[in-house]
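First the structure, in the form of structure tokens, and then the observations on it.
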Amino acid sequence: MKFILAAGLYCFAIVAHAAAETVYLDCAMTNGTEDVIWKVILDEKNETASYSIPGVGAVSKHAAVFLPEKVSFDAIVINRIDLSITRTVNLNGSVKSDQGQCKIAAPPKRKF
């Protein structure tokens, strides 16, 4: 019985580790007139999400909530099943949602 429990815990640890890998995404989200590229980094282990928007020079890092089907941060939700991205903002009482699609990106190659 102890062996089965230990084996189960070991398997859970492996699955939890695999799920906690840092994920890099390239996302295209419309601003109403054109697609805007977002570079997103999801770090489940540290419960953070970072993004850059190269076209406007924006960079930001936020606490993130990782659920089985979605990741939420800074008014943004990324669906973990179909990789859709939604940003909802309230501008002077007017709620606006931007939609888009992400794809898995290769981690950057680093020198150090």
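The values are calculated or read from the model by the stated rules, or taken from the named source; none is laboratory data. Owing to the predicted nature of the structure, the values given are computational and were not obtained by experimental measurement. The area values use the complete protein model at the heavy-atom level, side chains included, leaving out ligands, DNA and RNA. Shrake-Rupley method; radii C 1.70, N 1.55, O 1.52, S 1.80 Å.
Could you give the Stokes-Einstein D for segment 35-94 in µm² per second, using the C-alpha Kirkwood radius, 4 °C, 1.567 mPa s? Answer from the Stokes-Einstein relation: 105 µm²/s.
Taking 0.36 nm per intervening residue step and subtracting the Cα-Cα distance, what contour gain separates Asn46 from Gln99 on full extension? Display every interim value, and only then the final one.
Working: separation 53, 0.36 × 53 = 19.08 nm, distance 2.61 nm.
So the chain would gain 16.5 nm between Asn46 and Gln99.
The order of Val56, Val65 by accessible area, most exposed first and with a 1.4 Å probe, is Val56, Val65.
For Asn31, the residues whose amide H sits under 5 Å from its own are Val36, ignoring neighbours fewer than 5 places away on the same chain, with H placed 1.01 Å from N. Whole-Hz Karplus values for segment 50-63 come out as 10, 8, 10, 10, x, x, 10, x, 8, 9, 7, 9, 9, 5 Hz, taken residue by residue from phi with 6.51 cos²θ - 1.76 cosθ + 1.60 and θ = phi - 60°; glycine and proline positions read x.
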